[in-house]
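Student: Here it is: the structure, laid out below.
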Amino acid sequence: MMPDTKPIADLTTSLTYLPGIGPQRAKMLEAELGLRTFGDLLFYFPYKHIDRSRIYSIDELTADMPFVQLRGEILSYEEEGEGRKHRLIAHFTDGRSVIDLVWFGANAIKWTRRSYHTGTIYIVFARPSLFNGRINLPHPDIEDASKLRLSAMGLQPYYHTTDRMKKGGMNSRSMERFTQTLLTRYDIQLPETLPASLVQRLCLVDRTSSVKNLHYPTTADELRRATYRQKFEELFFIQLGILRFSRKRQQEVYGHVFGHVGELFNTFFHQHLPFELTGAQKRVIREMRHDMGSGKQMNRLLQGDVGSGKTLVALMTMLIALDNGYQACLMAPTEILAEQHYATFREMLAGMPVRVELLTGNVKGKRKRQPILDGLRNGDVNILIGTHAVIEDTVEFSNLGLVVIDEQHRFGVAQRARLWQKNDTPPHVLVMTATPIPRTLAMTLYGDLEVSIIDELPPGRKPIETQHYWEERTEALYHGLRTEIAKGRQAYIVYPLIKESAKMDMKNLEDGYEHLCQVFPDLHLSKIHGQMKAAEKDAEMQRFINGETQMLVATTVVEVGVNVPNASVMVIQNAERFGLSQLHQLRGRVGRGAEQSYCILVTKYNLSSDTKKRIRIMCDTNDGFEIAEADLRLRGPGDLEGTQQSGVAFNLHIANLARDGQLVQMARDTANEILDQDPEQNLPEHASMWRHLKELAQTNIDWSNIS
Ligand code: ADP
Ligand code: MG
């Protein structure tokens, strides 16, 4: 064997020192991809590999093949079509048959003609597509066959790059050169981070070869095993960090002990409750009673689909706090919602010795605020309901025992943390959300939140019927609306309002409103959007709630929590512009009474395939969990509402929460086992693992933010 004379790579070395990079490219790599060191580059994994070992013949191609490679030459060029259909065609032959390579766009055409010539042997790489019954190859990758070392290539890595990089002359190929240089010039030796026993038991490949093979595997199996090892490692350390943090907190943080269920709870349950609790509501209340009586601080996420009756659960949980001599507070994301909760609470608790107060930005002036603030400080106020106004510094509680946060995704972690500081012993925390978070994601984002699920709707609800209308079909839509309103029902008409196109959207809403006023001159319409003054907005909303108006034309301000049981139609205009979970939230505004409700998704005619899928899912199911799973698959977890604000800033290089659910579970179980075996975190065989966790925590995970 040849002695290995390559220097061992110091992974902290700046990329400027890698041959072929230099200061300018290094700057670009850092700005665009956050890559600064050899180590960063090493862990910048390709997003796919393409099998470059096989050359197809043109006769073999079918339209449903993924990428294929051909070898041959261009016979001639030709331009066809006018305007947007203008295209360049290269007749390409592999010596036996001919196929067309196709380019659209003036730049691409110019560039292609300049770069590729007849008479040269090329390797062409493309995805076959069907055009007028014939297969062609649109926008292929082309390379000079004499310059491509195919045999060495096998599986070729593809790396993500940004538009700016591409403009600066750096593409996936450049990245490939960089990683190749790194791996061939240097000896890569990564310390093992997982305990040897674990590596053995799970049959994992060692860390060094897995990282190398993620870039340049020689077989598909090698790639598969490398991917598995690296995904496991990534998820394992996230779970280890979360679980270690939550165990520590459970040991150190004490919670108020709500030892008994008392007078208020029982009176409410036996005399005030207007209906029977659902089985799921009962179970969830039991779970929380257990938590709050345990001496540990409760941190619970309550998931329940829209309309499943979370508010009532919150109210009854608060009564337990009151029965034990504590105050409780409910935080809602919008004023409309806070006011609605306030009204509900007042009504449900009427006649009981419970003082409920409302604190929002609308409650202005010392005369109105001061008595509330005083009452909170001296304990006269039992329940405070409000918006983020409740976490202002002027708000002091006498003994806050429970905080309920409704529709969690609108609240950041920092805001939650401030609530904690309002007491020496932190209050119990109940976070309620109607955006069901798939289990794998919840486990990762809220590793130390317990999760309760209300998986049952109150009886007598008819499933909402969802229909898709093209925007041209206004007659049918208006007819449907008229029929429902004639029955005494009410309807929401929702328009999108997206920051980037706010002006256009406002115009759409205004035009829509005017138009509906003309179509339905005999009806009363309300209009609500985010740019109205709060008081105005509330007044309009109130008119709709009271039934004075039959239609509410609005932006997505009605998305969350609004409860008008008499409303039975939800029309969503430009539904193609909403995400799945948003559509589901909006739909949840109807179907709250005993009547058959309808959700009409109105879209333009031309839809992308992802949009079609979204609309189909909405029409097919009312199940929020199914929708959340689909949403995760379609969009990826990075976009999920709430992820941003959850405060979890870990980077997943390779694992995917949507696809690797099983592995998340396994990583979590394994992390739990390790913590059981090594509670003091001092077993020598785990030393490198704990060290690695610490390094990770310093670079990208702030565990203390998760709560
Ligand atoms: P969400 O979970 O979306 O916040 P709400 O708490 O607003 O749902 O409840 C929706 C509606 O269902 C309310 O009008 C509420 O009074 C009613 N409700 C709640 N629990 C029950 C129950 N067990 N039986 C019948 N109706 C219920
Ligand atoms: Mg609610």
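The values are calculated or read from the model by the stated rules, or taken from the named source; none is laboratory data. None of these values were measured; they are calculated from a predicted model. When we count neighbours, we look across all protein chains shown, and the Cβ atoms used for this are built from the backbone with ideal geometry, even at glycine. SASA here: full protein model, heavy atoms, side chains in, ligands and nucleic acids out. Shrake-Rupley method; radii C 1.70, N 1.55, O 1.52, S 1.80 Å.
Student: Restricting to region 80-95, name every residue that is over 21 Å from Tyr122 (Cα atoms) and not basic (Lys, Arg).
Tutor: Glu80, Gly81, Glu82, Gly83, His86
Student: Among (1) assigned to a loop (DSSP other than H, G, I, E, B); (2) surrounded by 17 or more Cβ atoms within 10 Å (Cβ to Cβ); (3) touching a Lys or Arg at 6+ places or on another chain (Cβ under 6 Å), where does Ile55 come up short?
Tutor: Answer for Ile55: the failing condition is (2).
Student: Oh, and also: So Leu312 passes all but one of these: (1) within 16 Å of ligand 1 (Cβ to nearest atom); (2) touching a strand residue (DSSP E or B) at 6+ places or on another chain (Cβ under 8 Å); (3) touching a residue at least 12 places away in the same chain (Cβ under 8 Å); (4) farther than 22 Å from Gly259 by Cβ. Which condition number does it fail?
Tutor: Among (1) within 16 Å of ligand 1 (Cβ to nearest atom); (2) touching a strand residue (DSSP E or B) at 6+ places or on another chain (Cβ under 8 Å); (3) touching a residue at least 12 places away in the same chain (Cβ under 8 Å); (4) farther than 22 Å from Gly259 by Cβ, Leu312 violates only (2).
Student: Return the residues of region 550-567 that are in a loop (DSSP other than H, G, I, E, B) and either touching an Asp or Glu at 6+ places or on another chain (Cβ under 7 Å) or within 16 Å of ligand 2 (Cβ to nearest atom) (or both); say none if nothing qualifies. Break it down into steps so the answer makes sense when it comes.
Tutor: So the first thing to find is which residues in region 550-567 are in a loop (DSSP other than H, G, I, E, B), and the list is 550, 555, 559-566.
Once the filter is applied, which keeps residues that are in a loop (DSSP other than H, G, I, E, B) and either touching an Asp or Glu at 6+ places or on another chain (Cβ under 7 Å) or within 16 Å of ligand 2 (Cβ to nearest atom) (or both), region 550-567 yields Glu559, Val560, Gly561, Val562, Asn563, Val564, Pro565.
Student: Counting only residues that are among the polar types (S, T, N, Q) and within 37 Å of the chain's Cα centre (by Cα), give me the helices (runs of 4 or more DSSP H) lying completely in region 106-199 with at least 2 of them.
Tutor: Correct list: 172-185.
Student: Please give the number of the condition Ile320 fails out of (1) away from ligand 1 (no atom under 16 Å from the Cβ); (2) modelled with pLDDT of 95 or more; (3) under 30 Å from Ser581 (Cα atoms).
Tutor: (3)
Conditions tested, residue by residue: (1) more than 16 Å from ligand 1 (Cβ to nearest atom); (2) open to solvent by 40 Å² or more (accessible area, probe 1.4 Å); (3) modelled with pLDDT of 95 or more.
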site	(1), (2), (3)
Glu263	yes, yes, no
His270	no, yes, no
Lys282	no, yes, yes
Leu302	no, no, no
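Student: Identify, please: which residue in region 213-224 is closer than 20 Å to Asn656 by Cα and surrounded by fewer than 18 Cβ atoms within 10 Å (Cβ to Cβ) and is, among those, modelled with the lowest pLDDT?
Tutor: Ala220
Student: Another one. Taking region 365-385 as the search range and keeping residues that are assigned to a loop (DSSP other than H, G, I, E, B) and open to solvent by less than 60 Å² (accessible area, probe 1.4 Å), which one is nearest to Ala535 (Cα to Cα)?
Tutor: Gly365
Rundown of residues vs (1) away from ligand 2 (no atom under 12 Å from the Cβ); (2) part of a helix (DSSP H, G or I); (3) among the polar types (S, T, N, Q); (4) touching a Lys or Arg at 6+ places or on another chain (Cβ under 6 Å), yes/no style:
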{"position": "Leu301", "(1), (2), (3), (4)": "yes, no, no, no"}
{"position": "Ser308", "(1), (2), (3), (4)": "no, no, yes, no"}
{"position": "Ala321", "(1), (2), (3), (4)": "yes, yes, no, no"}
{"position": "Gly325", "(1), (2), (3), (4)": "yes, no, no, no"}
{"position": "Ala328", "(1), (2), (3), (4)": "yes, no, no, no"}
{"position": "Phe345", "(1), (2), (3), (4)": "yes, yes, no, no"}
{"position": "Gly351", "(1), (2), (3), (4)": "yes, no, no, no"}
{"position": "Leu358", "(1), (2), (3), (4)": "yes, no, no, no"}
{"position": "Asn362", "(1), (2), (3), (4)": "yes, no, yes, no"}
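Student: How many residues does region 333-364 contain that are within 27 Å of Lys533 (Cα to Cα) and over 39 Å from the mean Cα position of the chain (by Cα)?
Tutor: 0
Student: If we keep just the residues of region 278-299 that are without any contact (Cβ under 8 Å) to a residue 40 or more places away in the chain and farther than 16 Å from Met432 by Cβ, which is nearest to ligand 2 (Cβ to nearest atom)?
Tutor: Among those residues, the one meeting the criterion is Lys282.
Student: Only one of these conditions is not met by His139: (1) closer than 13 Å to Ala90 by Cβ; (2) surrounded by fewer than 16 Cβ atoms within 10 Å (Cβ to Cβ); (3) touching an Asp or Glu at 6+ places or on another chain (Cβ under 6 Å). Which number is it?
Tutor: Of everything listed in (1) closer than 13 Å to Ala90 by Cβ; (2) surrounded by fewer than 16 Cβ atoms within 10 Å (Cβ to Cβ); (3) touching an Asp or Glu at 6+ places or on another chain (Cβ under 6 Å), His139 misses just condition (3).
Yes or no, residue by residue, for (1) open to solvent by 50 Å² or more (accessible area, probe 1.4 Å); (2) among the hydroxyl-bearing types (Ser, Thr, Tyr):
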{"position": "Tyr17", "(1), (2)": "yes, yes"}
{"position": "Leu33", "(1), (2)": "no, no"}
{"position": "Leu42", "(1), (2)": "no, no"}
{"position": "Pro46", "(1), (2)": "no, no"}
{"position": "Leu61", "(1), (2)": "no, no"}
{"position": "Phe67", "(1), (2)": "yes, no"}
{"position": "Gly72", "(1), (2)": "no, no"}
{"position": "Tyr77", "(1), (2)": "yes, yes"}
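Student: Contact list please: Cβ distance under 6 Å, first residue in region 552-564 and more than 15 Å from His341 (Cα to Cα) and modelled with pLDDT under 75, second residue open to solvent by less than 20 Å² (accessible area, probe 1.4 Å) and within 16 Å of ligand 1 (Cβ to nearest atom), pairs at least six apart or on different chains.
Tutor: Close Cβ pairs satisfying both conditions: Glu559/Gln585; Glu559/Leu586.
Student: Which of the residues spanning region 203-216 are touching a residue at least 24 places away in the same chain (Cβ under 8 Å), farther than 12 Å from Leu42 by Cβ and out of contact with any Ser or Thr (no Cβ under 9 Å at 6 or more places or on another chain)?
Tutor: Val205
Student: Do we find a residue being in a helix (DSSP H, G or I) and open to solvent by less than 40 Å² (accessible area, probe 1.4 Å) anywhere in region 251-260?
Tutor: Within region 251-260 (the criterion being in a helix (DSSP H, G or I) and open to solvent by less than 40 Å² (accessible area, probe 1.4 Å)), the answer is no, since none of the residues qualifies.
Student: What number of residues within region 125-180 are on the phi > 0 side of the Ramachandran plot and at pLDDT below 90?
Tutor: Residues in region 125-180 being on the phi > 0 side of the Ramachandran plot and at pLDDT below 90: 4 in total.
Student: Tell me whether region 347-363 contains one or more residues that are closer than 30 Å to Asp623 by Cβ and within 16 Å of ligand 1 (Cβ to nearest atom).
Tutor: The answer is yes, given that some residue of region 347-363 is closer than 30 Å to Asp623 by Cβ and within 16 Å of ligand 1 (Cβ to nearest atom).
Student: Right, another one. Pick from region 546-589 the residues that are β-branched (Val, Ile, Thr) and within 12 Å of ligand 1 (Cβ to nearest atom): which of them is farthest from Leu634 (Cα to Cα)?
Tutor: Across region 546-589, the extreme among qualifying residues is Val564.
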